[in-house]
1. Enumerate the strands (runs of 3 or more DSSP E) found wholly within region 148-233, keeping only those where 1 or more residues are at pLDDT below 95 and either touching a helix residue (DSSP H, G or I) at 6+ places or on another chain (Cβ under 6 Å) or loosely packed, with under 15 Cβ neighbours inside 10 Å (or both).
2. From the list Asp172, Asp206, pick out the single residue that is more than 15 Å from Val22 (Cα to Cα), among the charged types (D, E, K, R) and either within 12 Å of the ligand (Cβ to nearest atom) or not assigned by TED's automatic domain parsing to the domain that holds Lys80 (or both).
3. If you take the residues in region 215-249 that are farther than 28 Å from Asn8 by Cβ and touching an Asp or Glu at 6+ places or on another chain (Cβ under 9 Å), which one is farthest from the ligand (Cβ to nearest atom)?
4. Can you name the number of the only condition in (1) surrounded by fewer than 19 Cβ atoms within 10 Å (Cβ to Cβ); (2) at pLDDT 95 or above; (3) within 14 Å of the ligand (Cβ to nearest atom) that Tyr130 fails?
5. Cβ-Cβ under 9 Å, sequence separation 6+ or interchain: first residue in region 11-26 and closer than 11 Å to Ala140 by Cβ and in the same structural domain as Met137 (by TED's automatic domain parsing), partner away from the ligand (no atom under 16 Å from the Cβ) and of a type in the set (Ser, Thr, Tyr). Which pairs?
Amino acid sequence: MERLLKNNRLREFLSVHKIKGVLFDFDDTLIFTSEIFRYYMRQFSSNLISECPNLNFKGFLNFLEDTNNNSYKNHAVNPKRWLNVINTISQRLNFDGDKYKFLLHEYDKTIMQIYRTVPRIIPGAKETVYQFSCAGMQTALITHADEVWTQFKLSATGFDNFFPPNRVFVVDQDKHKGPEDWLCAVRSMGLLPEEIIAFGDSLPGDIRAAKSIGVSVCVWLPSEWVMYNDGNVPEGVITVEEGIGHAIEKLIENT
Ligand SMILES: [Mg+2]
């Protein structure tokens, strides 16, 4: 009964706002991705410390995070950015010869596991996508990542059953996700920006980008990554701290 009421109120919300489609970001919107980065960066730091006792774990981890953030600014989400990170570390620590080989070995053993690990699904994510489909919405994914890694995550989590290939828009991994990418995805759905609800965890790449092209309903699922929670939250954005599983009830409150 409660579920039926919720469905009806969702349909009412969609009708009031003249919404026809929903565009979801993938990483840290539907699946937990940044926790994988954090885990393997800690692992990498820990392995390095055990070989270099003069290094301090916390200090090195901070250095690794800063170096990764800087590398992201220039190389976006391309996993190749990690080679820049490794080179910066080796220069800072004066690693050459066998020590450089050790660094590369650790990089492959830990950092590259990021792209081989099956992410956890965020509670309520599949149910939320399903509820929008049941309410007659077109649903699609706009993700900023390596193509092969995207396919791996889609099939490993079963989200490929929700988003067939023609409903997955992969943004060039060598640039930053921006308004033009959102517009391209919306147009591919045959819709207008104002007919869309946008979901994402990145303020610059998802929320401000979608807002700037005229998406009227934007739902921000705050990211823990400093590169994604930086800057202002545009007026009218619906923030859901509790995660996507609570997004529909938050939307309904805003009817
Ligand atoms: Mg994301």
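The values are calculated or read from the model by the stated rules, or taken from the named source; none is laboratory data. Note that this is a predicted model, so its numbers are computed, not measured. As a convention, Cβ positions derive from the backbone with ideal geometry for all residues, glycine included, and neighbour counts pool all protein chains shown.
1. Working: elements: 168-171, 196-200, 217-220.
Here the list reads 168-171.
2. Values: Asp206 fails: more than 15 Å from Val22 (Cα to Cα).
The match here is Asp172.
3. Applying the first criterion (farther than 28 Å from Asn8 by Cβ) to region 215-249 yields 222-235.
Right, trim to touching an Asp or Glu at 6+ places or on another chain (Cβ under 9 Å) and you get 222-226, 228-229.
On the way: Pro222: 11, Ser223: 7, Glu224: 11, Trp225: 9, Val226: 14, Tyr228: 7, Asn229: 11 Å.
The extreme case among them is Val226.
4. (3)
5. These pairs meet every condition: Gly21/Thr139; Val22/Ser133; Val22/Thr139; Leu23/Thr139; Phe24/Thr139.
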